[in-house]
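Taking it in order: structure first as structure tokens, then the write-up.
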Amino acid sequence: MGLRSLLIILLTLLIPATGLAQESGIPAVTLTTDPDGTQNYSVTIQILALMTMLTFLPAVVMMMTSFTRIVIVFAILRQALGLQQTPSNQILVGLALFLTFFIMTPVLERVNSEAVQPYLESELSTFQAVQAAAEPFRSFMLAQTRESDIELFVRISGKGDIESPEALPFSILVPAFVTSELKTAFQIGFMLFIPFLVIDLVVASVLMAMGMMMLSPVIISLPFKIMLFVLVDGWAMVIGTIAASFGT
């Protein structure tokens, strides 16, 4: 009986809304042709497309920006220090996100000046604005991607007729960029691991020489690693190194 009453209430609410939409005559899909031959969809369809694109925003941030390299380096650094939950994942991701905005500022400024503002001023159509917005990201990713990674995915895709790197489709450029970012992040993480590994070896050797076999070296080395990291201003050095690795 409760389900039947709920269906009646829903039908009562939907019927007037449908009639109002029919009376107002708001077109759901309209396609207009500009004098230069380009075509634009109605505002309702553009808003729908924009809302759909927003669902891909996390993937764009992770796969087409500096976020991947930064968050991996931070995770390796925390592991090298021997800290399991400090700083927490939320802090590391938040710091990586804001550092990504800082590094990507020149790219975002180009997107705003070359795509967003001309589109808002009706100087570019929707598709032209999307193409213009893609070019700054393409330039950024090409500058950070190794040629060997690009050649790998070009060979896998079987597209040997690509004239120049600027003509690479995003289906090849994005995975090549991510692969190159992973390699760079692990290289930086390896360099960060070395001094902390030396401290672990020294502490373990001292404890073994003193006959303290039952005492975990991790407990003794952790304060020394934290002290070393603080004394050398480790966070500033790591963040500065990551930012400099992007050429900013």
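The values are calculated or read from the model by the stated rules, or taken from the named source; none is laboratory data. Predicted model only: the values in this text are computed from it and were never measured. Every residue, glycine as well, gets a Cβ built from its backbone with ideal geometry; the counts of neighbours run over all protein chains shown. The accessibility values were calculated without ligands, DNA or RNA, using every heavy atom of the protein model including side chains. Shrake-Rupley method; radii C 1.70, N 1.55, O 1.52, S 1.80 Å.
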What number comes out for accessible area per residue over the stretch 131-234 if the probe is 1.4 Å? Units Å², please.
61 Å²
Taking a ≥ b ≥ c as the square roots of the eigenvalues of the Cα gyration tensor of the stretch 89-181, is the shape rounded (a/c under 1.5), prolate (a/b larger than b/c) or oblate?
oblate
Calculated on alpha-carbon atoms, Rg and Dmax of the stretch 120-171 in Å
13.7, 42
To the nearest 0.05, how large is the calculated FRET efficiency for Thr55 and Phe190 if R₀ is 51 Å and r is the Cβ-Cβ distance?
0.90
Can you work out ³J(HN,Hα) from phi for every residue in the stretch 75-86, in order, using Karplus 6.51 cos²θ - 1.76 cosθ + 1.60 and θ = phi - 60°, giving whole Hz and x for Gly and Pro?
5, 5, 4, 5, 5, 5, 6, x, 9, 8, 10, 10
Just the number, please: carbon plus sulfur as a percent of the accessible area of the stretch 50-208, 1.4 Å probe, no ligands or DNA/RNA counted.
70 percent
The stretch 109-248 - Rg (one decimal) and Dmax (whole number), Cα, Å:
23.7, 78
How large is the translational diffusion coefficient of the stretch 49-110 in µm² per second when you combine the Kirkwood radius over alpha carbon pairs with Stokes-Einstein at 10 °C and 1.306 mPa s?
124 µm²/s
Dipole size in debye (nearest 20) for the stretch 127-248 around its Cα centre, Lys and Arg Cβ +1, Asp and Glu Cβ -1?
340 debye
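Quick check: with the 1.4 Å probe, what order do Asp149, Asp200, Asp233 take by accessible area, largest first?
Largest to smallest exposure gives the sequence Asp233, Asp200, Asp149.
So how much slack lies between Gln85 and Met237, counting 0.36 nm per residue of separation and subtracting their Cα-Cα distance, in nm?
Gain on stretching Gln85 to Met237: 52.6 nm.
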